[in-house]
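Peer 1: I have a structure here, written as structure tokens, and I will follow up with some questions on it.
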Amino acid sequence: MRTVLARFACLAILGAGLGFWIGATRAEAPATAEAATPDLATPKDEYFELMQVFVDTFDEIDQNYVKDIDRRQLIESAIRGMLADLDPYSDYISPDELARFNESVDQEFGGVGIQVRFLREIRAIEVSTPLAGSPASKAGILAGDRIVEVAGKKVADFEQNREMESAIEILRGKPGEVVNVGYTRGDSPDIIHVDLTRELIHLDTVLGDIPNADGTWNYMLDPEKKLGYVRLTHFTARSGDEMKKALKSLKADGMKGLIIDVRFNPGGYLQTAVEIADQFLNEGVIVSTEGRNSRPVTRTAKKAGTFSGFPIVVLTNRFSASASEILAAALQDHKRGLVVGERTWGKGSVQNTLDVEDGKSKLKLTTASYYRPSKEKIHRFPGETEADKWGVMPNDGMKVEFTMDQMRAYNFERSQRDIYSKTPTPSAFDDTQLKKAIEVLGQEIAQGAAGDKPAEAAPATPDGEQKAGEEKKKAARIPFFPTVLKYVM
């Protein structure tokens with residue numbers, strides 16, 4: 001009896017969902033004689049048959065598996081199984097994962113605003129950089145201070161090998177709540193206690209080479225040659241404004257050429273990539289998208305607000321993906337910038353985030369493909385090799401590849417340079433990719449490449465500009481490899 005009732009309940013819920021789907025389908029159908037009377041009998045019958053398979057399987061596992069099963073876990077596993085068969089980028093974000101998902105996409109979280117590293121030999125947390133204007137910075141915490149207590153508990157008493165994670169769990173949380181931190185400074189054994197009120201922390205996504213003393217970034221890589229350098233780590237809703245602010249500062253300082261470094265940038269909002277590309281292009285197509293359930297959309301550049309009069313080099317590597325590839329391809333196709341480094345990842349698809357359970361969980365679903373201004377694809381499909389066309393290739397003679405050992409050395413060096421110090425040590429790593437970018441930029445400046453050439457790719461179409469705002473909220477995607485967020489509190 002219980003089995004029959006369970007199946008009846010599941011089918012009743014699924015039937016209600018099907019009724020809603022049929023109603024929505026009818027409501028959205030084109031107003032033509034042919035489309036007004038679709039044959040829904042076969043889809044309806046097939047839908048119920050397939051749902052019966054799902055319900056029967058769920059019920060058999062629930063009733064007869066060798067041990068008790070968490071029903072929610074079973075459903076979530078089924079959802080992930082469905083999405084896994086689609087593509088690598090579609091995913092289910094559970095309620096437990098939602099906060100981390102939002103943090104990685106938006107680069108913001110509730111916290112006290114410090115970048116840290118763990119000193120394993122003394123089991124303490126060292127402050128690498130207090131973020132400018134953060135609760136920690138306002139309380140007087142400085143780079144080099146060592147956090148030894150969090151919320152009244154000694155860091156050394158946290159579970160071994162989980163000290164950093166335990167501290168993050170406490171220091172991060174709901175903005176407005178107070179957490180007590182004890183830290184030492186220099187050689188003094190005295191513990192200084194401060195109450196820090198969590199705030200919404202926004203991580204910068206447009207960085208320079210090394211930070212200034214106040215936690216801001218220096219974007220002028222070479223003050224004598226006037227070479228600007230911006231390192232774009234993600235494409236968040238704020239990245240366009242951050243880029244504009246950096247460009248205004250550089251132009252005011254007499255910048256003659258610009259390097260845009262998108263190495264290891266996994267992407268972000270599609271509309272933000274369009275917004276940033278538009279800052280460098282007077283006109284022309286930036287990117288076009290096509291999907292099964294949406295009409296083609298073309299996004300174009302506008303002349304207003306364009307930064308011109310200087311050449312650009314875009315620095316890429318094999319982990320530059322998605323929105324990074326949109327930016328690099330747009331500048332390359334319009335001959336507004338040269339690409340130096342490695343071929344990019346090859347992700348030419350757009351994911352929408354769709355609310356499930358009234359927003360308690362989400363689906364990240366691939367809904368469209370995008371194409372560069374030249375109409376060439378970027379996506380690397382399964383089975384394609386290095387000989388096939390995908391991703392964004394460096395310009396001729398500008399390919400500089402790193403081995404995995406070099407990449408690890410670069411990441412270590414980069415992490416050290418991101419820590420503020422009054423006397424930054426000279427770089428121990430030979431960044432041949434950046435050196436090549438500087439060399440190419442110098443040649444462009446010497447040749448008088450002003451960087452304000454008219455667009456030469458596909459013609460502009462008004463449809464893209466009208467649709468751009470509608471797509472902004474729908475075009476988010478999660479990075480597909482771990483971020484550094486866990487080291488920021």
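Peer 1: Taking the stated definitions as given, is Arg318 in contact (Cβ under 8 Å) with a residue 12 or more places away in the chain and out of contact with any His (no Cβ under 7 Å at 6 or more places or on another chain)?
Peer 2: Working: in contact (Cβ under 8 Å) with a residue 12 or more places away in the chain: yes; out of contact with any His (no Cβ under 7 Å at 6 or more places or on another chain): yes.
Yes, satisfied.
Peer 1: If I ask for residues that are part of a loop (DSSP other than H, G, I, E, B) and either surrounded by 18 or more Cβ atoms within 10 Å (Cβ to Cβ) or of a type outside the set (A, V, I, L, M, F, W, C) (or both), which ones from the stretch 125-157 would you list?
Peer 2: Leu131, Gly133, Ser134, Gly140, Ile141, Ala143, Gly144, Asp145, Gly152
Peer 1: Okay, moving on. Hey, could you check the stretch 174-185 for residues that are of a type outside the set (A, V, I, L, M, F, W, C) and either crowded, with 19+ Cβ neighbours inside 10 Å or modelled with pLDDT of 90 or more (or both) and say which is nearest to the chain's Cα centre (by Cα)? Step through it out loud before you land on a result.
Peer 2: Our first condition is that a residue be of a type outside the set (A, V, I, L, M, F, W, C); within the stretch 174-185, this holds for 174-177, 180, 182-185.
Of the ones still in play, those that are also either crowded, with 19+ Cβ neighbours inside 10 Å or modelled with pLDDT of 90 or more (or both) are 175-177, 180, 182-185.
Details: Pro175: 23, Gly176: 26, Glu177: 28, Asn180: 31, Gly182: 33, Tyr183: 33, Thr184: 35, Arg185: 35 Å.
The selected residue is Pro175.
Yes/no matrix, rows are residues, columns are (1) of a type in the set (D, E, K, R); (2) more than 35 Å from the chain's Cα centre (by Cα); (3) buried (at least 16 other Cβ atoms within 10 Å of the Cβ):
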residue	(1), (2), (3)
Val53	no, yes, no
Asp56	yes, yes, no
Val66	no, yes, no
Leu74	no, no, no
Ala78	no, no, no
Tyr89	no, no, yes
Ser94	no, no, yes
Arg100	yes, no, no
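Peer 1: Which of the residues belonging to the stretch 308-357 are crowded, with 20+ Cβ neighbours inside 10 Å and aromatic (Phe, Trp, Tyr)?
Peer 2: Passing the criteria: Phe310, Trp345.
Peer 1: Can you name the residue in the stretch 278-299 that is of a type outside the set (A, V, I, L, M, F, W, C) and in contact with a Leu (Cβ under 9 Å, 6 or more places away or on another chain) and is also farthest from Tyr371 (Cα to Cα) among such residues? Spell out the reasoning first.
Peer 2: Step one: of the stretch 278-299, the residues of a type outside the set (A, V, I, L, M, F, W, C) are 278-279, 282-284, 288-296, 298-299.
So of that shortlist, the ones also in contact with a Leu (Cβ under 9 Å, 6 or more places away or on another chain) come out as 279, 289, 299.
On the way: Gln279: 19, Thr289: 6, Arg299: 11 Å.
That would be Gln279.
Peer 1: Just one of the numbered conditions (1) outside the structural domain of Val440 (by TED's automatic domain parsing); (2) in contact with an Asp or Glu (Cβ under 9 Å, 6 or more places away or on another chain); (3) small (Gly, Ala, Ser); (4) in a loop (DSSP other than H, G, I, E, B) is not true of Gly182; which one?
Peer 2: All conditions are met except number (4).
Conditions (1) closer than 18 Å to Ser239 by Cα; (2) not basic (Lys, Arg), marked per residue:
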{"position": "Arg292", "(1), (2)": "no, no"}
{"position": "Thr300", "(1), (2)": "no, yes"}
{"position": "Lys303", "(1), (2)": "no, no"}
{"position": "Thr306", "(1), (2)": "yes, yes"}
{"position": "Val314", "(1), (2)": "yes, yes"}
{"position": "Ile326", "(1), (2)": "yes, yes"}
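Peer 1: Which condition breaks for Thr216 when tested against (1) among the hydroxyl-bearing types (Ser, Thr, Tyr); (2) under 27 Å from the mean Cα position of the chain (by Cα); (3) farther than 30 Å from Arg238 by Cβ?
Peer 2: Among (1) among the hydroxyl-bearing types (Ser, Thr, Tyr); (2) under 27 Å from the mean Cα position of the chain (by Cα); (3) farther than 30 Å from Arg238 by Cβ, the lone unmet condition for Thr216 is (3).
Peer 1: Any chance the stretch 264-276 includes a residue that's assigned by TED's automatic domain parsing to the domain that holds Phe319 and surrounded by fewer than 21 Cβ atoms within 10 Å (Cβ to Cβ)?
Peer 2: Initial filter on the stretch 264-276 (assigned by TED's automatic domain parsing to the domain that holds Phe319): 264-276.
With the extra rule that they be surrounded by fewer than 21 Cβ atoms within 10 Å (Cβ to Cβ), the set shrinks to none.
The answer is no, given that none of the residues of the stretch 264-276 is assigned by TED's automatic domain parsing to the domain that holds Phe319 and surrounded by fewer than 21 Cβ atoms within 10 Å (Cβ to Cβ).
Peer 1: For the stretch 232-254, name all the residues that are in contact with a Ser or Thr (Cβ under 9 Å, 6 or more places away or on another chain) and either touching a residue at least 60 places away in the same chain (Cβ under 8 Å) or outside any helix (DSSP H, G or I) (or both).
Peer 2: Kept after step one, since they are in contact with a Ser or Thr (Cβ under 9 Å, 6 or more places away or on another chain), are these residues of the stretch 232-254: 232-240, 242-243.
Answer for the stretch 232-254, where residues must be in contact with a Ser or Thr (Cβ under 9 Å, 6 or more places away or on another chain) and either touching a residue at least 60 places away in the same chain (Cβ under 8 Å) or outside any helix (DSSP H, G or I) (or both): Leu232, Thr233, His234, Phe235, Thr236, Ala237, Arg238.
Peer 1: Tell me the residue from Leu221, Leu171 that is outside the structural domain of Gly442 (by TED's automatic domain parsing) and crowded, with 21+ Cβ neighbours inside 10 Å, please.
Peer 2: Numbers: Leu221 fails: outside the structural domain of Gly442 (by TED's automatic domain parsing).
The match here is Leu171.
The values are calculated or read from the model by the stated rules, or taken from the named source; none is laboratory data. Predicted model only: the values in this text are computed from it and were never measured. FYI the Cβ positions are ideal-geometry reconstructions off the backbone, even for glycines, and counts take in every protein chain you see.
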